[in-house]
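Okay, so here's the structure we're looking at.
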Amino acid sequence: MPIYTLPELPYDYAALAPVISPEIIELHHDKHHAAYVKGANDTLDQLAEARDKETWGAINGLEKNLAFHLSGHILHSIYWQNMTGDGGGEPLAADGVGDLADAITESFGSFAAFKAQLTKASATTQGSGWGVLAYEPLSGRLIVEQVYDHQGNVGQGSTPILVFDAWEHAFYLQYKNQKVDFIDAMWAVVNWQDVARRYEAARSRADVLLLTP
């Protein structure tokens with residue numbers, strides 16, 4: 001039985017146009033995200049077979065594949081929820097997301113400074129990767145991470161709450177090689193209500209890292 005399943009989109013393919021075209025949304029979700037779900041499930045099956053047969057020659061590759069596909073599934077599952085056709089702007093107390101707005105200001109100095117950092121981190125990711133706003137529980141602050149592929153170069157305890165997909169399959173059909181134009185456009189569809197819910201959930205998990213026994 002598959003352990004991981006492809007989540008349904010919370011909107012139709014055309015909901016994020018003109019920022020992201022319906023064709024991209026369909027291909028990205030139904031093909032690319034689905035491939036990561038299948039890859040994670042297939043790798044778990046292969047690991048189970050390795051345990052049963054006690055054949056460990058491929059263990060390094062299997063563990064790497066599991067991290068790659070599972071992280072791809074997780075990040076994409078956040079990505080779809082992070083966007084809405086009615087989004088954009090910046091988080092404001094008047095919209096019920098004041099705690100998130102305050103945390104951004106405290107962690108980065110201002111919303112403008114945060115926006116500039118996440119934009120640059122996303123647009124300059126070498127090769128394939130993501131720009132990520134994450135809650136870091138050791139400090140209790142928000143940080144920006146530049147994620148290579150799906151799983152590399154991240155703080156181990158951080159929880160992603162806003163993700164920008166900077167893989168070419170996320171934008172190339174529409175934006176060609178202009179990754180920075182795509183990232184700039186993404187700000188118009190950010191679902192701050194979703195980001196705020198993720199922030200509240202992440203910071204409420206006080207025991208996420210056990211620093212002492």
Filtering the range 6-26 down to residues that are closer than 19 Å to ILE183 by Cβ and more than 16 Å from the chain's Cα centre (by Cα) yields LEU16, ALA17, PRO18, VAL19, ILE20, SER21, ILE24
From the set of residues in the range 150-167 that are open to solvent by less than 40 Å² (accessible area, probe 1.4 Å) and part of a loop (DSSP other than H, G, I, E, B), which is nearest to PHE68 (Cα to Cα)? HIS150
Is it true that ALA101 is closer than 25 Å to ASP30 by Cβ and surrounded by fewer than 21 Cβ atoms within 10 Å (Cβ to Cβ)? no
Step by step: first the residues of the range 104-128, then only those that are open to solvent by less than 30 Å² (accessible area, probe 1.4 Å) and aliphatic (A, V, I, L, M), then the one that is nearest to VAL163 (Cα to Cα). Which residue is that? LEU118
Please find, within the range 18-63, the residue that is least open to solvent (accessible area, probe 1.4 Å) out of those that are without any contact (Cβ under 8 Å) to a residue 40 or more places away in the chain and in a loop (DSSP other than H, G, I, E, B). ALA58
Please list, ordered by first then second residue, the pairs with beta carbon atoms under 9 Å, 6 or more apart or interchain, first in the range 83-95 and open to solvent by 80 Å² or more (accessible area, probe 1.4 Å), second assigned to a loop (DSSP other than H, G, I, E, B). ASP86/ASN191; ASP95/GLY89
Any pair with Cβ under 7 angstrom, 6 or more apart, that starts in the range 115-126 at a residue that is under 15 Å from GLU168 (Cα atoms) and ends at one that is in a helix (DSSP H, G or I) and of a type outside the set (S, T, N, Q): SER122/ILE183; ALA123/LYS179; ALA123/VAL180; ALA123/ILE183
Total residues in the range 193-203, condition open to solvent by 20 Å² or more (accessible area, probe 1.4 Å) and in contact (Cβ under 8 Å) with a residue 60 or more places away in the chain: 4
So which residues in the range 168-186 are without any contact (Cβ under 8 Å) to a residue 60 or more places away in the chain and either of a type in the set (Asp, Glu) or assigned to a loop (DSSP other than H, G, I, E, B) (or both), if there are any at all? GLU168, LYS176, ASN177, GLN178, ASP181
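The values are calculated or read from the model by the stated rules, or taken from the named source; none is laboratory data. Here the structure is a predicted model, which means the values were calculated and not measured. For neighbour counting, all protein chains shown are included, and Cβ atoms are generated from backbone atoms with ideal geometry for every residue, glycine included. We work out accessible area using only protein heavy atoms, side chains counted, and drop any ligands, DNA or RNA first. Shrake-Rupley method; radii C 1.70, N 1.55, O 1.52, S 1.80 Å.
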